[in-house]
């Protein structure tokens, strides 16, 4: 997107003409224009959180819906599972137990390992692909791949047109997101960073094992993962929650998506209080879904 | 590189017109030509070992030369270090001790951690960059960045021109190779896969810590790392040693560089016996430096 095209083509048609859009375009113009603030293409890395930043994360994370669907199928096949956690909470509809991730890490990791441990990476991919074909969002009634935010997808395109390499940096599962990242966002699998499970090699096969690799790709894990994967700090980063603060703090331009649109999506600050306060202190750009986005999906 | 250009432009001028070159070009033609064997661009991943495959690895690994230079400076600053391993072996010129990596893992890792643990990733990069500016190869008398193999660099360009994304998959240090990968090979930092040390986040800084992340990026660790980093198996892979066998076994086209040129480089099969035998069994393409390469550097 050269400067002389800006007049004719709006690269971000789903963004309203607000200071947020202006700030995004001014930053991209600065780093791509020779002179003060210019950044060579090789250093133009952008990193985006996924849940709540690129796609809808309510009422539950998409990956949680995937895992719950699998657990339900497991309980149907073996009803005795319902006597133990985490299956018990799911069967009983105990949302409080299930959403208390911090306190129930061992049981939740055990459940995920029982569901997907010991299978090949290809078999896991097929299960994920199958889920995305059939599962529907409980509120919007469409498949989850239709719930990427259009303004953000335009932003990814705009950045790529300006020689950025765009990465997803998700607290969720790397191998889960990769199955849809290319079709949904034009982001190649190798540009998806996320939380992962250990994989072992056995006679040419790659097998998912139990457990979770540390650090997970959330909070302070995000800058660590981005460094490990890219060898750089992000020039531009986008997030929406407290788990994105460390990543956003590393970037030259930080965009915080604010879920304040109860009409078109959901309005919630829970889990983003620190991020919103930090945005205010550090002068990050906050994208109000209600005011800055002409379209959501 | 379209088929109709092949007649006019030789994309691999440093390769002699042998069956090896023919096999490489035939494979690339097959996967890029619509029809049987076609592979969509998004799936075109190539992975290359670095030491002995893209650059010279004798008489010692470049990274070993870097570490030894640092240890020598440390001993000069604190001569009491020379009483303990690994510094003792270095001071005494005990090549046998130093090259017995398997038996001396704890001491060697300790030495590396003492040399580079606790410093920021940026400080480490500066030390590496400084080394590459001044250090000279003991045999060729040039800086190490001049010792990339020209035929292989042409191959990387050729693959990229055919919409492959090219990765380094090095048993050596990821953060070490990244410092020179862009200038030497046109390979962006995010496309360098390698052995790594844990990094922690502290007040916005990324700090290298002690130890080595498991698995290291050698042997069966290579396909695991490639999967973790790209979400794919390599379509084409290149290596030269036994530690590359697992990676080469995953690829559709496997290239083994054979060091049989005592005149222009070095001739050695040690450390490549299993690789050479496997190449013969599985029909991998073996590149003879003596016969297939018109130029080495």
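Collect the residues in the range A:232-249 that are more than 9 Å from chain B (Cβ to nearest Cβ) and touching a residue at least 60 places away in the same chain (Cβ under 8 Å), keeping them in residue-number order. I'd like the intermediate steps shown before the answer.
Looking only at the range A:232-249, we keep the residues that are more than 9 Å from chain B (Cβ to nearest Cβ), and these are A:234-245, A:247-248.
Across the range A:232-249, the qualifying residues are A:234, A:235, A:236, A:237, A:238, A:239, A:240, A:241, A:243, A:244, A:247.
Take the conditions surrounded by 21 or more Cβ atoms within 10 Å (Cβ to Cβ) and touching a helix residue (DSSP H, G or I) at 6+ places or on another chain (Cβ under 7 Å) and apply them to residue A:196. Does it pass? Working first, answer last.
Details: surrounded by 21 or more Cβ atoms within 10 Å (Cβ to Cβ): no; touching a helix residue (DSSP H, G or I) at 6+ places or on another chain (Cβ under 7 Å): yes.
Spelling it out, it is not the case that residue A:196 is surrounded by 21 or more Cβ atoms within 10 Å (Cβ to Cβ) and touching a helix residue (DSSP H, G or I) at 6+ places or on another chain (Cβ under 7 Å).
Condition first: at the interface with chain A (Cβ under 10 Å from one of its Cβ atoms), under 15 Å from residue B:49 (Cβ atoms), in contact with a strand residue (DSSP E or B) (Cβ under 7 Å, 6 or more places away or on another chain) and part of a loop (DSSP other than H, G, I, E, B). Can you find one or more residues in the range B:259-274 that meet it? Steps first, please.
Taking the range B:259-274 as the starting set, the residues that turn out to be at the interface with chain A (Cβ under 10 Å from one of its Cβ atoms) are none.
No, there is no match, as no residue in the range B:259-274 is at the interface with chain A (Cβ under 10 Å from one of its Cβ atoms), under 15 Å from residue B:49 (Cβ atoms), in contact with a strand residue (DSSP E or B) (Cβ under 7 Å, 6 or more places away or on another chain) and part of a loop (DSSP other than H, G, I, E, B).
Out of (1) crowded, with 16+ Cβ neighbours inside 10 Å; (2) without any contact (Cβ under 8 Å) to a residue 24 or more places away in the chain, the odd one out for residue B:103 is which?
(1)
Could you name every one of the helices (runs of 4 or more DSSP H) located completely within the range A:1-100 that has at least 2 residues being more than 27 Å from residue A:129 (Cα to Cα) and in contact (Cβ under 8 Å) with a residue 60 or more places away in the chain?
By residue number, A:19-32.
Return only the number of the condition from (1) farther than 16 Å from residue B:137 by Cα; (2) surrounded by fewer than 21 Cβ atoms within 10 Å (Cβ to Cβ); (3) out of contact with any strand residue (DSSP E or B) (no Cβ under 8 Å at 6 or more places or on another chain) that residue B:60 does not satisfy.
Checking residue B:60 against (1) farther than 16 Å from residue B:137 by Cα; (2) surrounded by fewer than 21 Cβ atoms within 10 Å (Cβ to Cβ); (3) out of contact with any strand residue (DSSP E or B) (no Cβ under 8 Å at 6 or more places or on another chain), the one that fails is (1).
One residue is enough: does the range B:9-32 have a residue meeting the conditions within 14 Å of another protein chain (Cβ to nearest Cβ) and closer than 30 Å to residue B:143 by Cα? Break it down stepwise before answering.
Residues of the range B:9-32 that are within 14 Å of another protein chain (Cβ to nearest Cβ), as a first pass: none.
No, the range B:9-32 contains no residue that is within 14 Å of another protein chain (Cβ to nearest Cβ) and closer than 30 Å to residue B:143 by Cα.
Would it be correct to say that residue A:129 is within 14 Å of another protein chain (Cβ to nearest Cβ), more than 16 Å from the chain's Cα centre (by Cα) and surrounded by fewer than 13 Cβ atoms within 10 Å (Cβ to Cβ)?
Working: within 14 Å of another protein chain (Cβ to nearest Cβ): yes; more than 16 Å from the chain's Cα centre (by Cα): yes; surrounded by fewer than 13 Cβ atoms within 10 Å (Cβ to Cβ): yes.
Judged against the criteria, residue A:129 is a match.
Determine whether the range A:251-261 contains at least one residue that is more than 18 Å from the chain's Cα centre (by Cα) and within 30 Å of residue A:142 (Cβ to Cβ).
Yes, because at least one residue in the range A:251-261 is more than 18 Å from the chain's Cα centre (by Cα) and within 30 Å of residue A:142 (Cβ to Cβ).
Just to be sure, is residue A:48 farther than 24 Å from residue A:269 by Cα and at pLDDT 95 or above?
Working: farther than 24 Å from residue A:269 by Cα: no; at pLDDT 95 or above: yes.
When the stated conditions are applied, residue A:48 does not pass them.
If I filter the range A:137-156 for residues that are more than 23 Å from residue A:49 (Cβ to Cβ) and without any contact (Cβ under 8 Å) to a residue 60 or more places away in the chain, do I get at least one hit?
Of the range A:137-156, the ones more than 23 Å from residue A:49 (Cβ to Cβ) are A:141.
Within this subset, residues satisfying the condition of being without any contact (Cβ under 8 Å) to a residue 60 or more places away in the chain are A:141.
Checking the range A:137-156: at least one residue is more than 23 Å from residue A:49 (Cβ to Cβ) and without any contact (Cβ under 8 Å) to a residue 60 or more places away in the chain.
Residue A:69 - would you say it is away from every other protein chain (no Cβ under 14 Å) and exposed (fewer than 14 other Cβ atoms within 10 Å of the Cβ)?
Working: away from every other protein chain (no Cβ under 14 Å): yes; exposed (fewer than 14 other Cβ atoms within 10 Å of the Cβ): no.
It is false that residue A:69 is away from every other protein chain (no Cβ under 14 Å) and exposed (fewer than 14 other Cβ atoms within 10 Å of the Cβ).
The values are calculated or read from the model by the stated rules, or taken from the named source; none is laboratory data. Quick caveat, the model's predicted, so the values are computed rather than measured. When we count neighbours, we look across all protein chains shown, and the Cβ atoms used for this are built from the backbone with ideal geometry, even at glycine.
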